[in-house]
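Input: a single structure, listed below in structure tokens.
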């Protein structure tokens with residue numbers, strides 16, 4: 001039986017306010033700056049030290065006595081009477097002791113400070129290896145005690161399953177149920193897990209389930225309408241097909257990846273729609289595009305990934321399509337089709353943007369290096385890439401519902417997050433999500449050695465230098481983790497090491513099944529690990545005492561990324577929790593970041609300076625990278641904002657948001 005309150009919670013959401021603009025935006029930015037001032041972090045740390053001391057005193061309590069305290073706190077949070085949050089220090093001290101008894105891990109003061117930041121709706125910047133998984137459990141229990149849904153959003157299914165299993169005994173002691181929702185689960189299993197007090201899942205699964213529920217319930221998203229419908233038609237059960245029990249509290253792990261990197265494109269629910277004529281059209285477009293010559297018939301804008309036809313190109317397309325029927329008689333439509341064919345040829349490459357498995361195109365997430373099965377590019381691009389590869393063309397899809405990640409996470413009553421790299425995007429976190437970034441200090445000082453970047457005029461010289469660096473470190477017994485941008489780069493390096501007779505572990509979108517095991521042993525003596533950006537986020541790399549004496553884990557970045565955050569994420573794999581470690585980046589003028597975002601004239605000047613080894617070349621290269629990353633991030637921000645504005649435009653055009661509820 002579903003109580004009225006539970007029924008109300010299933011579809012209740014917070015209606016996001018419009019983003020502040022002009023002077024309001026400036027004033028809002030100042031508020032965000034004030035909220036993330038260092039003074040507040042110090043206040044949290046002071047309070048966390050007192051809670052930690054209080055928790056130590058509970059060690060002499062029996063488990064029964066501790067459970068009585070936890071039950072008392074649970075009742076207090078469940079009633080949510082005025083002033084109940086004054087019990088927060090006592091509740092956290094009891095939870096810290098419960099964590100120690102069930103997991104063997106006693107939260108450090110910095111972890112308690114992080115937990116308080118999450119509970120208060122902040123984004124906690126905590127360095128890699130500082131125990132974010134345990135930190136998230138503490139505010140999750142507090143949220144679950146209120147009886148409202150609490151979702152912990154992770155970056156992949158593996159981490160969702162792992163954290164659910166590892167923290168289960170802790171949740172049980174606290175009187176809270178925990179479950180996880182992963183991509184392979186069927187609706188009934190999803191529904192059972194969403195009923196738990198704390199639910200671990202990924203952003204893609206959460207948004208997709210939310211959209212599917214909205215499609216099922218249709219215009220009955222308002223509880224009052226459902227109640228009237230039930231009274232008029234007692235036998236109808238519209239709510240039975242829903243899997244979620246509502247949105248209330250979300251704690252986002254690796255928040256920069258989920259809320260920034262993945263937010264470039266919206267999540268779309270679609271269905272396949274048979275269209276045999278389209279398959280023929282896409283093949284013809286591919287054949288016509290093969291006759292067009294780069295620099296004569298068309299040019300490419302690598303920065304914006306656009307195709308621009310010349311006069312000769314327009315004329316050649318017209319001549320080639322002259323005898324074709326139907327759709328090809330429309331100049332704008334045929335140019336659109338051939339543009340997609342050229343876009344697939346020029347900007348989408350095998351083992352970079354996608355891989356082929358079982359005769360199907362599988363998209364690779366450019367930020368994580370992970371496969372994204374059952375995802376497709378829109379507007380005929382997917383079919384254009386299939387035609388390029390000579391594969392059987394899949395049916396196009398019809399959009400049923402869409403929602404940006406920015407808009408979705410603004411629907412929660414209480415949103416918080418944590419990551420090791422948030423400072424660079426602190427302004428965007430505040431402006432879009434209302435999240436202030438608080439930097440939580442490390443439990444132990446970080447002693448990572450950062451070596452100066454190495455810059456080369458060509459890619460071949462860079463790869464030779466990387467191989468030499470790996471071999472040199474390998475001889476000392478120091479383990480090496482090499483981060484590559486895509487599958488193709490990881491395979492190139494793997495072949496070069498094989499040619500030198502060295503063994504290695506390879507982790508990319510093609511070789512990914514043993515991800516956790518590969519990353520777990522990456523810190524062993526003289527171990528060589530090659531990984532794309534996935535790099536096993538969330539998995540500890542532990543060092544032996546012998547490895548620590550050799551200098552710890554050495555991380556090599558084979559190129560700089562569009563965001564400095566991704567570089568910091570990779571470097572953060574070494575020197576965790578006070579361990580020794582080192583990191584260094586290798587670059588060339590031929591790297592995608594430089595080629596895409598630095599003008600040709602400046603690229604030539606940099607190449608000459610490198611070849612002639614002019615004084616100050618390293619400083620020039622550093623400034624060039626900063627310039628390129630700034631341009632890349634500015635472009636990505638504009639793309640993310642346009643995605644969210646499209647959602648807003650659709651809502652207004654279809655009268656979605658004016659009634660106080662979001663309708664899909």
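Taking only segment 593-607 into account, find how many residues are surrounded by 13 or more Cβ atoms within 10 Å (Cβ to Cβ) and in a helix (DSSP H, G or I).
Matching residues across segment 593-607 total 10.
Of the conditions (1) within 27 Å of the chain's Cα centre (by Cα); (2) modelled with pLDDT under 90; (3) under 30 Å from residue 585 (Cβ atoms), residue 647 fails just one. Which one is it?
Going through (1) within 27 Å of the chain's Cα centre (by Cα); (2) modelled with pLDDT under 90; (3) under 30 Å from residue 585 (Cβ atoms) one by one, residue 647 breaks only (3).
For segment 288-298, give me each residue that is within 16 Å of residue 337 (Cα to Cα) and within 37 Å of the chain's Cα centre (by Cα).
Result: 289, 290, 298.
Here are some residues: 560, 565. Which one is under 21 Å from the mean Cα position of the chain (by Cα), part of a loop (DSSP other than H, G, I, E, B) and in contact (Cβ under 8 Å) with a residue 40 or more places away in the chain?
560
State whether one or more residues within segment 584-592 are part of a helix (DSSP H, G or I), surrounded by fewer than 22 Cβ atoms within 10 Å (Cβ to Cβ) and at pLDDT below 95.
Within segment 584-592, one or more residues are part of a helix (DSSP H, G or I), surrounded by fewer than 22 Cβ atoms within 10 Å (Cβ to Cβ) and at pLDDT below 95.
Looking at segment 259-271, can you tell me whether even one residue there is in a loop (DSSP other than H, G, I, E, B) and touching a strand residue (DSSP E or B) at 6+ places or on another chain (Cβ under 6 Å)?
yes
Which of the residues belonging to segment 45-62 are assigned to a helix (DSSP H, G or I) and surrounded by 13 or more Cβ atoms within 10 Å (Cβ to Cβ)?
45, 47, 48, 49, 50, 51, 52, 54, 55, 56, 58
Go through segment 178-192 and count every residue that is within 13 Å of residue 209 (Cβ to Cβ) and assigned to a loop (DSSP other than H, G, I, E, B).
Qualifying residue count for the region: 4.
Which one of these is crowded, with 16+ Cβ neighbours inside 10 Å, outside the structural domain of residue 257 (by TED's automatic domain parsing), assigned to a helix (DSSP H, G or I) and at pLDDT below 95: 489, 535?
Only one candidate passes the filter, namely 489.
To keep it simple, each residue is scored yes or no on (1) in a helix (DSSP H, G or I); (2) closer than 27 Å to residue 159 by Cβ.
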site: 465; (1), (2): yes, no
site: 473; (1), (2): yes, no
site: 477; (1), (2): no, no
site: 494; (1), (2): yes, yes
site: 516; (1), (2): yes, yes
site: 526; (1), (2): no, no
site: 529; (1), (2): no, yes
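State yes or no: is residue 81 part of a helix (DSSP H, G or I), assigned by TED's automatic domain parsing to the domain that holds residue 117 and exposed (fewer than 12 other Cβ atoms within 10 Å of the Cβ)?
Criteria not met by residue 81.
What is the number of the single condition among (1) modelled with pLDDT under 95; (2) in contact with a strand residue (DSSP E or B) (Cβ under 7 Å, 6 or more places away or on another chain); (3) surrounded by fewer than 22 Cβ atoms within 10 Å (Cβ to Cβ) that residue 563 does not meet?
Exception for residue 563: condition (2).
Which of the residues that make up segment 356-367 are crowded, with 18+ Cβ neighbours inside 10 Å and closer than 13 Å to residue 386 by Cβ?
Once the filter is applied, which keeps residues that are crowded, with 18+ Cβ neighbours inside 10 Å and closer than 13 Å to residue 386 by Cβ, segment 356-367 yields 361, 363.
Restricting to segment 600-623, count the residues that are in contact with a helix residue (DSSP H, G or I) (Cβ under 8 Å, 6 or more places away or on another chain), touching a residue at least 24 places away in the same chain (Cβ under 8 Å) and over 13 Å from residue 590 (Cα atoms).
Number of matching residues: 1.
Which residues, counting only those in segment 97-124, are surrounded by fewer than 24 Cβ atoms within 10 Å (Cβ to Cβ), at negative phi, outside any helix (DSSP H, G or I) and touching a residue at least 60 places away in the same chain (Cβ under 8 Å)?
Of everything in segment 97-124, those that are surrounded by fewer than 24 Cβ atoms within 10 Å (Cβ to Cβ), at negative phi, outside any helix (DSSP H, G or I) and touching a residue at least 60 places away in the same chain (Cβ under 8 Å) turn out to be 108, 120.
The values are calculated or read from the model by the stated rules, or taken from the named source; none is laboratory data. Because the structure is a prediction, the values reported are computed rather than measured. Backbone-built Cβ (ideal geometry, glycine too); neighbour counts: all protein chains shown.
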